[in-house]
Amino acid sequence: MAQLRVKDAAHYLGVSDDTVRRWIESGALTNGLDESGRTVVDGLELARLARSNAVLPDDPSGIGRSARNRFVGLVTAVTMDTVMAQVEIQCGPHRIVSLMSSEAVRELGLEPGSVAIAVVKATTVIVETPARVESPSKGESPARRADQ
């Protein structure tokens with residue numbers, strides 16, 4: 001079972017450490033201690049809380065479609081030549097980059113500051129996990145451990 005330190009839980013949810021501590025105090029999250037005596041929360045419980053607290057912006061299009069991965073955000077940059085364009089959209093904490101025709105950018109009126117919806121329909125999604133970083137043993141320097 002994954003156990004996350006308070007600061008890591010806060011980072012993954014985009015909230016402050018104090019918010020996670022308030023959730024613990026209110027009973028929304030249960031906590032424990034890791035082998036170093038630091039406060040940790042259960043990863044599964046945190047995931048459930050994240051899902052229940054997720055506030056997604058309304059989709060202004062009102063169009064039904066099969067793609068379920070829809071991210072409403074603000075266009076932050078448009079780089080365009082005569083044929084192709086690169087559009088960057090900030091969707092909450094996530095930056096989505098799309099390559100499309102310059103014609104599509106003009107037709108959609110995409111420019112920095114405009115609202116856009118990134119719709120992702122993918123048959124392949126690569127999932128990665130962060131490398132596990134272990135604390136160095138007593139008397140062992142972190143640099144030496146990293147070199148091994």
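Here is how the numbers come out for the structure above:
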| quantity | calculated |
| --- | --- |
| Net charge over other residues, Cβ less than 13 angstrom from the Cβ of residue 102 (K, R count +1; D, E count -1) | -3 |
| Relative contact order %, the range 69-120, counting alpha carbon pairs below 8 Å whose residues are six or more apart | 46 percent |
| Overall Cα dimensions of the range 3-53, principal axis frame, Å, largest first | 30, 18, 16 |
| Neighbourhood charge, 12 Å Cβ-Cβ cut-off, centred on residue 74 and excluding it, Lys, Arg +1 and Asp, Glu -1 | -1 |
| Cleavage-rule hits (trypsin sites (Lys or Arg not before Pro)) in the range 65-133: DSSP loop, at most 15 neighbouring Cβ within 10 angstrom | 65, 68, 121, 132 |
| Extension gain (nm, one decimal) between residue 15 and residue 70, 0.36 nm per residue minus Cα-Cα | 17.6 nm |
| Stokes-Einstein D (µm²/s) once Rh is taken as the Kirkwood radius of the range 69-120 over alpha-carbon pairs, at 4 °C in 1.567 mPa s | 120 µm²/s |
| Nitroxide proxy distance, nm - points 7 Å out along Cα→Cβ at residue 95 and residue 7 | 2.4 nm |
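Each reported figure results from applying straightforward, stated rules to the coordinates on display, with no laboratory input. Keep in mind the model is a prediction, meaning the values are calculated, not measured. Heads up, the Cβs are rebuilt from the backbone with ideal geometry, glycines too, and the neighbour counts pull from every protein chain shown.
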